[in-house]
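Trainee: Before I ask anything, here is the structure I am working with.
The values are calculated or read from the model by the stated rules, or taken from the named source; none is laboratory data. None of the values given here were measured: they were computed from a predicted structure. As a convention, Cβ positions derive from the backbone with ideal geometry for all residues, glycine included, and neighbour counts pool all protein chains shown. Surface areas here come from the heavy atoms of the whole protein model, side chains and all, with no ligands, DNA or RNA. Shrake-Rupley method; radii C 1.70, N 1.55, O 1.52, S 1.80 Å.
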Amino acid sequence: PPLPPPPPPRAHPRQEELALVNGLGMWRSWGRNFTSPILALLDLFDNAMDATMPPEIDDPNYKPSENMMVRLQLDKETDNERDATGIMMMNNCYRRIPPLVEVLSIHKSCKGDTDQIGENGVGVKQACAALSELSFVFTKNRNELGLGILAEILQTPTEAPYLPSWNFITEQDGSVHYALTQRINDSEALEECVKAYGDGDLERGLDRLEKHFRRLNTGVWADQDYVFLMVMHKIRHTGSDAFKGPKQFLEMVHSELPRNYIHIPVEFDVQVLGKRLDFQYWQRRLIELTKFQSRLDPENSWKDAKDWDWPSKGYSVNIYLGFDPYRSNGKASLYIYSRRSGRLIKSTEDARHILGLSSGGTDYAQGLTIIMDDVHGNLPLTPTKQDLAFGHEQNGKIHELNMLAWLGAYSHYYYQYYLSMHRKKGNLRTVVMDQVKDVRKNATREIRFSLLHGNFNTFIGLQFRQNIKYDKIRSPMGKTELRPGQDTLVRLQRPAPPEPTAPKRGRASVYPPNGLAMRMESAPSQQQQPPRTNAYQQHPTAAYPQHGHYSMAHQPVQPPLTHATYPPPGAIPPQQQQQQQHAGFYPPAQSHHSPAATSQESIPPPQQQQQLPQQPQPPVPVGSNESAFATAGTKRARYSPDNGLPQARPGSTNSESQQQQPAAATPVDSQEIAELKAQIKLWKEKYIDAEDEKLELKRRVGELNDKNESQEANIVQLEKQLQEADRKFRQARKALYQRNGGQAMV
């Protein structure tokens, strides 16, 4: 038989099936969503930015007006700052503010996945609960006013969260004081909150609320149609940011806001404690600020996609790199910004490991700063915008790895470019520290450009390649051109060209290629050198002494020898005399037998000396001292004193002399040149692969060192625990011994 039809659905579930929301528990969970009060205030500041900046501000040609205002100041009854009980945030809006009933609805936000007005988001309730136990929201939509209350005293553990709000029109309800009095008579919750705001005095609380309503229509806010005001009473002193009061808290906000936002226009009037803020933080601080444009693929891995270098289905991001002189010893830091206001989402003090960079020693430790700007807001974020939420996406892990791979690729190229320019890491650190004075001068300099629209340094012709072996993307060095940008305010000093190194001191060649005789430089001698004789001028070979008389640089130079200083022919054996004659130490033997051997007039001029017949020399035994000197002398004699060209040795054949002549230049084939270029390119790629492998090994060594240090620390901790356990055991044994009356335990 057929099955019976299902029962019709009930219009309303039974009471026991409803899941009640605990109002008090919900309030306390809101307060624990932020790690510090400053982060909670930044969430409220995001809402103010979204409400104040019109959508046209994303257009580079749009010129914002001067009417965009945000004020952060103390909430005080008198002019004395010591009487301040909280803080206020006030801003105007470019369109009508939704009713407070929608703004204060639980788990409701009209923003969705788009950037819309932020006052009606979930972050308002969470931030107010984290900052204060009692907060008020005031709105102005021309002549219509609104009041909302977020108070912990209104929450109970048995009922849903209660966030009341009221709207009233001043023309119909009369004065604000009268309208508030009528609402208090109808609502005990409002009366209880107003008393708490007046420290137990109802009239005092009413006067303070009426003062805030008048503020919406006075001063610079009188001409504004839409105004939003938040008052947080008695700021909590909890979290990681310790402060003593509301004023100290706002002073910390004043110093933190410029670093946390990079898209605030110059025309935007943001004041904290009456001081206008300047959001050109990184433009003033970073040296050699360079901009890169990249595309990230949230679906396909860069290892598998065909269009991995510029994915068609990806989204664009801006990457900025520079050196921070105030932390010249700091490691490579990463800052990720997102959304229209350019909010800082996540910062990592040492990002070398997650970016695939060498994390050992001082690599990438000269103040390198990496900034990623998610201009169009495509990164997944947590509801409080304190971290990235890749786990909410189907391919979130691929998205994250693609982002880190490209950040590491640009960071590696940028750092290696300047490291190769300054040759050493110590030199790079020194030149970065030397620019601190220039960076301090920029603190008072007027800057009219934002980080998004500034003209910074860029690299032309930058190309990347895949390194699948080490899961990295790298770019070969030396194939790009740096184009300086006019908005890069501080630049590194270029290193001076290397000085020519002095030649090593030692025995130089006596016959240089130009054929002129040279004498080695030596230390000055105390003994006065005698003037050179005509024999030295006419016979260059006679000016060089024999082995043992020629001095090195640390010995005094002996005076040049002449024919008068030569020993008689019979003083040395004939064979050695012939060898030395061949080496150039002695004139020909027949000159000693002539009666005019010692006279300088009988010495022939150099032109005639070249035509003297050369005597054949007997062979010299290999390994003897005479052979070494004879060989050296023969090499010297191979050069002609006139033109320095190599001459034929005595006894050599014509073929031998022809082989010594320089060969004529032969034409080179263009195909051969192309093959050589291809080989050079191949060896360059192999060199880059070897360099990447070297960096990877250094990174692994650094990781192993870190693991060893952690293991050693664990061993030390275990030894301490063992010693403590042994001490307690001895104490227990001693106590048991005393309790047993001094009898030892078996």
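Trainee: Under a 1.4 Å probe, what is the accessible area of the range 143-222 per residue, stated in Å²? It would help to have the intermediate numbers written out before the result.
Mentor: Working: 3860 Å² over 80 residues.
On a per-residue basis, 48 Å².
Trainee: Next question, about the same structure. Of all the Cα-Cα pairs you can form in the range 395-469, what percent are over 17 Å apart?
Mentor: More than 17 Å apart: 68 percent of the Cα pairs in the range 395-469.
Trainee: Can you send over the carbon and sulfur percentage of the accessible area for the range 379-477, probe radius 1.4 Å, protein chains only?
Mentor: Numbers: 2400 of 4840 Å².
The C+S portion of the solvent-accessible surface of the range 379-477 is 50 percent.
Trainee: Further question: Taking the solvent-accessible surface of protein heavy atoms with a 1.4 Å probe, what is the per residue accessible area of the range 304-374 in Å²?
Mentor: Each residue of the range 304-374 exposes 34 Å² on average to a 1.4 Å probe.
Trainee: Another one. Asn143 to Glu81: FRET efficiency via 1/(1 + (r/R0)^6), r the Cβ-Cβ distance, R0 45 Å, to the nearest 0.05? It would help to have the intermediate numbers written out before the result.
Mentor: Numbers: r = 34 Å, r/R0 = 0.75.
Using R0 = 45 Å, I get an efficiency of 0.85.
Trainee: On the accessible surface of the range 190-238, probed at 1.4 Å, how many percent belong to carbon and sulfur atoms?
Mentor: Working: 960 of 2170 Å².
In the range 190-238, the share of accessible area belonging to carbon and sulfur is 44 percent.
Trainee: Projected area of the range 340-431, taken from the Cα convex hull and averaged over every viewing direction, in nm²? Write down the numbers at each step before the final one.
Mentor: On the way: hull surface 28.1 nm².
Orientation-averaged projected area of the Cα hull: 7.0 nm².
Trainee: Hey, with R₀ at 51 Å, roughly what FRET efficiency would Glu349 and Leu676 work out to, going by the Cβ-Cβ distance, to 0.05? Present the calculation step by step, with values, prior to reporting the outcome.
Mentor: On the way: r = 48 Å, r/R0 = 0.94.
Given R0 = 51 Å and the Cβ-Cβ separation, E is 0.60.
Trainee: When the chain is fully extended, how far beyond the present Cα-Cα distance does Glu703 get from Ile715, taking 0.36 nm per residue of separation?
Mentor: Values: separation 12, 0.36 × 12 = 4.32 nm, distance 1.83 nm.
Full extension of this stretch gives 2.5 nm more.
Trainee: While we're here: When ranked by the protection proxy of mean other Cβ atoms within 10 Å per residue, highest first, what sequence do the peptides 149-160, 479-490 form?
Mentor: Details: 149-160: 16.8, 479-490: 15.0.
Put in order of decreasing packing, that is 149-160, 479-490.
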